[in-house]
Amino acid sequence: MSLAPRRLSTKRKFVADGVFFAELNELLTRELAEDGYAGVEVRTTPHRTEIIIRATRTQNVLGENGRRIRELTSVVQKRFGFSDGAVELYAERVQNRGLCAQAQAESLKFKLLGGLAVRRACYGVVRFVMEASAKGCEVIVTGKLRGQRAKAMKFGDGYMIKTGHAGQVYTDTAVRHVLMRQGVIGIKVSIFLPHDPKGVIGPKIPLDDVVTILEPKEEIDPAALLAAQEAAAAQAAALAAMQQPMAPPAMDPAAAPVVPVAADPMEGAGF
């Protein structure tokens with residue numbers, strides 16, 4: 001993603017873009033964790049690169065009079081070698097944080113850091129996600145939860161697809177690591193998004209196994225259908241008869257006028 005003058009091959013360009021996105025995401029995850037960081041989107045135009053930061057508390061991301069967003073812009077510009085004005089950072093608010101796995105993972109992380117019990121914190125996240133019209137939710141917490149023995153706990157509700165194309169499109173997943181005093185605890189939050197024809201809160205693509213049963217059409221009585229066809233045929237015949245040209249009336253030979261025949265001039269002359 002660096003705007004170096006040398007031209008990269010297509011393979012190297014994709015690798016460079018992936019490394020740029022991974023490092024940028026890691027930077028913003030550590031810097032904006034307390035502000036509900038929920039992902040980043042990079043849009044490249046011929047003139048500049050736009051970076052859209054999604055968060056639940058955008059006012060904290062912007063800072064007082066936009067000071068914090070300018071600091072982040074300067075850090076990104078110096079780290080990746082952008083020229084002045086070639087990169088812009090924007091903050092976008094998450095519309096429904098109950099359907100954002102990253103926001104819920106950060107929320108659960110700070111609940112555990114605050115000393116809340118694991119079961120209570122996880123069930124609170126699951127309930128909040130399901131109340132946000134999600135189809136399903138699953139929270140997995142692993143590590144030394146109680147005692148010295150590490151174990152895993154799984155909390156779930158609703159419907160969850162993990163394989164196939166639907167698992168890639170409909171499932172939003174986030175992973176976080178919590179640095180507790182007794183060790184590291186891993187958090188994985190998976191949310192099964194609802195179907196939305198407008199594509200606002202969920203994917204537009206319907207699930208493959210969803211079958212919509214339509215109401216059957218009303219059956220028409222054969223006798224009524226035959227009567228309607230006969231009536232239509234009679235009406236068409238009457239209309240055709242009215243459109244035919246009428247023949248002139250026949251004249252009576254007796255009433256015909258007598259036309260006088262002029263005498264032949266040759267006959268009068270004796271020829």
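Read-outs: derived from the displayed coordinates by stated rules, not from any lab. Here the structure is a predicted model, which means the values were calculated and not measured. Cβ coordinates were reconstructed from backbone atoms using ideal geometry, including for glycine residues, and neighbour counts include every protein chain displayed.
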> Taking the chain as a Gaussian network, Cα atoms linked when under 10 Å apart, which of PRO206, PRO46, PRO216 shows the biggest mean-square fluctuation?
Replying inline: PRO216
> According to a simple spin-label model (label point 7 Å from Cα along Cα-to-Cβ), what is the distance in nm between ILE220 and GLU41?
Replying inline: 5.0 nm
> Rg to Rh ratio, the chain, alpha-carbon atoms and Kirkwood radius?
Replying inline: 1.60
>> From the helices alone, meaning DSSP H stretches of at least four residues, give me the mean residue ellipticity at 222 nm for the chain, per-run term -39500 (n - 2.57), in deg cm²/dmol to the nearest 500.
In response: -11500 deg cm²/dmol
> Taking the Cα centre of the range 141-180 as origin and charging only Cβ (+1 Lys, Arg; -1 Asp, Glu), how large is the dipole, in debye to the nearest 20?
Replying inline: 380 debye
> Between exposed GluC sites (Glu not before Pro) in the chain, where DSSP calls loop and at most 12 other Cβ atoms lie within 10 Å, what's the longest gap?
Replying inline: 1-217
> In square nanometres, what is one fourth of the surface area of the convex hull spanned by the alpha carbons of the range 129-179?
Replying inline: 4.7 nm²
> Under a plain spin-label model, where a point goes 7 Å from the Cα along Cα-to-Cβ, how far apart in nm are LEU239 and ALA227?
Replying inline: 2.2 nm
> Loop-only check: which trypsin sites (Lys or Arg not before Pro) in the range 1-94 are DSSP coil with at most 11 other Cβ within 10 angstrom?
Replying inline: ARG6, ARG7
>> Excluding same-chain pairs closer than 8 in sequence, count the lysine pairs in the chain whose Cα atoms lie under 22 Å apart.
In response: 21
> Contour minus end-to-end for HIS177 and GLU131, with contour as 0.36 nm per residue of separation and end-to-end as the Cα-Cα distance?
Replying inline: 14.0 nm
> Does a label point 7 Å from the Cα of GLN168, set along Cα-to-beta-carbon, have any residues of the range 191-217 with amide nitrogen under 11 Å, and which are they?
Replying inline: none
